[in-house]
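Trainee: Take this structure, written in structure tokens, and hold onto it; I'll ask about it next.
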Amino acid sequence: MSDFLRINRDGGVAIVTIDNPPVNALSFHLREPLMQALVELRDDASVAAVVIVCAGRTFVAGADITEFGKPVQQPDLRAIVATLESITKSTVAAIHGTALGGGLELALGCHFRVADTGAKLGLPEVKLGLLPGGGGTVRLPRLVGALKALKMIVSGAPISATEAHAAGLVDAVFEGDLTTHAVNFARELARKGGPFTPVRDRDDGLKETDLAALDAEAADLARKARGLDAPIACALSVRNAVTLPFDPALAAERALFVKLVGSDQSRAQRHLFFAEREAAKISAKDVVKRRIARIGVIGAGTMGGGIAMAFANGGYPVTLLETSHEALQRGLATIDKNYSVSVTRGSLTEDAKRQRLAQFTGSTDYADLADCDLIVEAVFEDMAVKKEVFGKLEAVAKPGAILATNTSYLDIDEIAASTSRPQDVVGLHFFSPANVMKLLEIVRAQRTAPDALATVVDLARRIGKVAVVVGVCHGFVGNRMLAARGSESEALLLEGATPRQIDQVFTDFGWPMGPFQMGDLAGLDIGWRNRKAQGLTAVIADTLCEQGRFGQKTGKGFYLYENGSRTPVPDPQVEALIRAEADEKGIAPRAISAEEIIERTLYPLINEGAKILEEGIAARASDIDIVWVNGYGFPVGKGGPMFWAGLEGAGKIIERLEYWHQRTGKDVFKPAPLLKTMAETGSWEAGATV
């Protein structure tokens, strides 16, 4: 019928094959012939059953996201599902790969669903700031129950074919040739005869809904949403499926979808969806990636152990090196403990734990790194120490092995220049805990070879990291901007704000925690050491560190942490210290507004991002957004700092930066030329390609 859809007959069973690579998205050019095919098959008396299958590696993996926010071209998905439900002969969706979003909603329009053993099914629209707009919130509860549907839809996480079968979403799970099994399944249904009840007319999952339990779960999910609208709308729509007749519930779902799709939050989350995919693109045409079979990690401390776990979790054997047997055993014991915690939580089986631990080989001899294809050092953040490690690696690493440094600030060009193989040197800035945090800043040094860069970008994807390629500068993208964000923190304290007030402004904005609580969590001594290395000071934070107040690990920092608790409690001693320092400097306390805190912390953050783009340290503004959302907790619903700058208004940001620059004389408030370009054109111009 078209380039994207074909119909074959197997006796009385019509097989509709969707073929819209790469993921069979429900684009208009597919919806139009699909609607035509369904109408023809519905009215064809020679057809006893209809099976919908997909070519390629997956069932329909969702709607065409590029169409969101644009005028809807008919037929839309709702019309196609309604047509499916008007077919009185049996209809079967044969699911392989993933049936996500609109793909699962299409399958819910069929009377029956079958899947292969490896299939995944889910409604992930919430991750785009949306709810399922093709009837998913109203039909899914009718099969799996309202509570199960609520958890699936609000989390956006897919479930396996086995779980879907147990829940009633899938009617049969097959191994082998899925199309043959699906056709035989449909033929047997046709032989038995109908009537066949569409999902919209089934209420199996709704009969015994406990509304109180549903509302309690929805309230808990709303608390976890941290200001995001979509999870709350999803919960409301599932509740409507229980309390309203089908058609009014369907209409309410659509109204909520339309409201969300036009919102800044959904625009921000869709921006991040595309930005993450764009960040993985580098200029590396005709480059043959190097083979990575074994990884070496130097340092079995918190960071090194986490990095080693990240690679082992991705299926790579790891040689973990330490300077002493005792340090090595401590590191391996910590890794074992971390995996045991995952087993206790149910996120890992004992068998999987054993398999991952079997990936580790411990050593105290650099010679044991000779067979590694990638070696990552995670030693102390000191240039002399790093160079010493790279000197030892030169003697043992095989030709072509990639030598990576996990550094947060240091000059990787200087490290590379200390070796005879700078083309093999790259920065891999993992974020702690490295086995959990998604972000990986991949730092391309001046002489990093294109094939080495392409290899580590691909490797990052294989171990489940969100990779962003950046250039060399102090702090790279994330930590350089973090320094700009924190440049006024102590000034705000001295002028009258409290740590708790500033942190509250941040959490109200949507951050998971504020800068002082985050500092206590990470350890104030880290920043203290970094400042001393640069000859910098921070009078309040330095004094706290001199008193042994490093944060949660010592029970005291900017806050108190009583009896091992992680809950911060304001400490009168810290506030007294702040006031004493202010008095000594002759600073009279005044009321500090939330708006001022935002202007003096987040506006410099954006301004530094503009400078980073000007210098070509980041290739795209969206790359900066990915760094900050995935590595530093910038609110997802605001799309990252550079996207949020567009929402906030670059002109407004410049005006307030100029005000604070005039008032303080500090360069951090001096607007970057590119920020002014943004105000004039409404878009960021990328710097030189990284």
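Trainee: Is it possible to state the helix-based mean residue ellipticity at 222 nm for the chain, with each DSSP H run of 4+ residues giving -39500 (n - 2.57), the sum divided by total residues, to the nearest 500 deg cm²/dmol? What is it?
Mentor: Helices in the chain give a 222 nm mean residue ellipticity of -15000 deg cm²/dmol.
Trainee: Once you keep just the Cα pairs under 8 angstrom separated by 6 or more residues, what percentage relative contact order results for region 510-633?
Mentor: 17 percent
Trainee: To continue, here is another question. Quick query: amide H of Leu428 versus all other amide H atoms, modeled in the peptide plane; which residues come in under 5 Å with a sequence gap of 5 or more or a different chain?
Mentor: For Leu428, whose amide H was placed from the backbone, the distant partners under 5 Å are Thr405, Asn406, Thr407, Val443.
Trainee: List the relative contact order of the chain as a percent without decimals, with contacts defined as Cα pairs under 8 Å and 6+ residues apart. Can you show the working numbers first?
Mentor: Values: 1294 pairs, mean separation 62.3, N = 690.
Here the relative contact order equals 9 percent.
Trainee: Evaluate the charge dipole of region 497-585 about its Cα centre and quote only its size in Debye, nearest 20, assuming +1 on the Cβ of each Lys and Arg and -1 on the Cβ of each Asp and Glu.
Mentor: Here region 497-585 has a charge dipole of around 300 debye.
Trainee: Give, rounded to the nearest 20 debye, the magnitude of the charge dipole that region 295-474 has about its Cα centre when Lys and Arg contribute +1 at Cβ and Asp and Glu contribute -1 at Cβ.
Mentor: 600 debye
Trainee: If I take all pairs of Cα atoms in region 295-474, what percentage of them are more than 26 Å from each other?
Mentor: 24 percent
Trainee: May I ask you to evaluate 6.51 cos²θ - 1.76 cosθ + 1.60, the Karplus curve with θ = phi - 60°, for each residue of region 478-485 and list the ³J(HN,Hα) values in order in whole Hz, giving x for glycine and proline?
Mentor: x, 6, 5, 6, 4, 4, 5, 4
Trainee: Cross-link partners among aspartates and glutamates for Lys120, C-alpha distance below 15 Å, same-chain residues fewer than 8 apart left out?
Mentor: Glu105, Glu163, Asp171, Glu175
Trainee: Along region 493-508, what does the Karplus equation 6.51 cos²θ - 1.76 cosθ + 1.60 (θ = phi - 60°) give for ³J(HN,Hα), rounded to whole Hz, x for Gly and Pro?
Mentor: For region 493-508, the Karplus-derived couplings read 5, 5, 8, x, 7, 10, x, 5, 5, 5, 4, 5, 4, 5, 5, 5 Hz, x marking Gly and Pro.
Trainee: Could you state the per residue volume, in Å³, of the convex hull enclosing the Cα atoms of region 486-525?
Mentor: Roughly 68 Å³ of hull volume per residue.
Trainee: Would you mind listing how long the chain runs along its three principal axes, going by Cα atoms, in whole Å with the largest first?
Mentor: Cα spread of the chain along its principal axes, largest to smallest: 89, 61, 52 Å.
Trainee: Express the relative contact order of region 5-262 as a whole percentage, based on alpha carbon pairs under 8 Å and six or more residues apart in sequence.
Mentor: Working: 517 pairs, mean separation 49.8, N = 258.
So the answer I get is 19 percent.
Trainee: Please list the radius of gyration and Dmax for region 497-585, considering alpha-carbon atoms only, with Å as the unit.
Mentor: Rg then Dmax for region 497-585, in Å: 12.8, 35.
Trainee: So how do 622-635, 142-155, 256-269 stack up, highest first, on mean other-Cβ count within 10 Å?
Mentor: In decreasing order of mean packing, 622-635, 142-155, 256-269 become 622-635, 142-155, 256-269.
Trainee: Something else now. Taking 2.2 N^0.38 Å as the expected size of a compact globular protein, what ratio does the Cα radius of gyration of region 290-346 give against it, to two decimals?
Mentor: On the way: Rg = 11.8 Å, N = 57, 2.2 N^0.38 = 10.2 Å.
Ratio of Cα Rg to 2.2 N^0.38 Å: 1.16.
Trainee: So how many Lys-Lys pairs in region 338-468 land under 24 Å Cα to Cα, not counting same-chain pairs under 8 apart? Walk me through the numbers on the way to the answer.
Mentor: Details: Lys353/Lys438; Lys353/Lys465; Lys386/Lys398; Lys387/Lys398; Lys438/Lys465.
Taking the Cα cut-off of 24 Å, the pair count is 5.
Trainee: I've got another one for you. How would Asp116, Asp371 line up from fewest to most surrounding beta-carbon atoms within 10 angstrom?
Mentor: In order of increasing Cβ crowding within 10 Å: Asp371, Asp116.
Trainee: Using the per-residue mean of other Cβ atoms lying within 10 Å as a proxy for protection, in what order, highest first, do the peptides 385-396, 164-175, 604-615 fall?
Mentor: Values: 385-396: 16.3, 164-175: 18.7, 604-615: 23.9.
The peptides rank, most packed first, as 604-615, 164-175, 385-396.
Trainee: Around Val469, which amide H atoms from residues at least 5 apart in sequence, or from another chain, sit under 5 Å from its own amide H, with H modelled in the peptide plane?
Mentor: Result for Val469 returns Ile442.
Trainee: Give the long-range amide H neighbours of Val170: residues separated by 5 or more places, or on another chain, with amide H under 5 Å away, using H modelled in the peptide plane at 1.01 Å from N.
Mentor: Under 5 Å from the amide H of Val170: His165.
Trainee: State the Kirkwood hydrodynamic radius of region 5-262 in Å, one decimal place, computed from all pairs of distinct Cα atoms.
Mentor: After inverting the pairwise mean of 1/r, the radius is 18.2 Å.
Trainee: Just in region 46-124: which trypsin sites (Lys or Arg not before Pro) are loop by DSSP and have at most 14 other Cβ atoms within 10 Å?
Mentor: Filter output for region 46-124: Arg57.
Trainee: Highest mean first, what order results for 239-250, 92-103 on Cβ atoms within 10 Å?
Mentor: On the way: 239-250: 17.8, 92-103: 26.9.
In decreasing order of mean packing, 239-250, 92-103 become 92-103, 239-250.
Trainee: Taking the number of other C-beta atoms within 10 Å as the exposure measure, put His325, His181 in order starting with the fewest.
Mentor: Neighbour counts put them in this order, fewest first: His325, His181.
Trainee: Moving on to the next point. Nearest-5 percent of antiparallel DSSP beta bridges in the chain?
Mentor: Looking only at bridges with both residues in the chain, the antiparallel portion is about 25 percent.
Trainee: Right, something else. Taking θ = phi - 60°, what integer Hz values does the Karplus form 6.51 cos²θ - 1.76 cosθ + 1.60 yield along region 174-189, in sequence order, with x for Gly and Pro?
Mentor: 10, 10, x, 5, 5, 4, 4, 4, 5, 5, 4, 4, 5, 5, 5, 4
Read the figures in this text as sums done on the coordinates, not as results from a lab. Remember, it's a predicted structure, so these values are computed and weren't measured experimentally. Here Cβ is always computed from backbone atoms with ideal geometry, including for glycine, and neighbour counts include all displayed protein chains.
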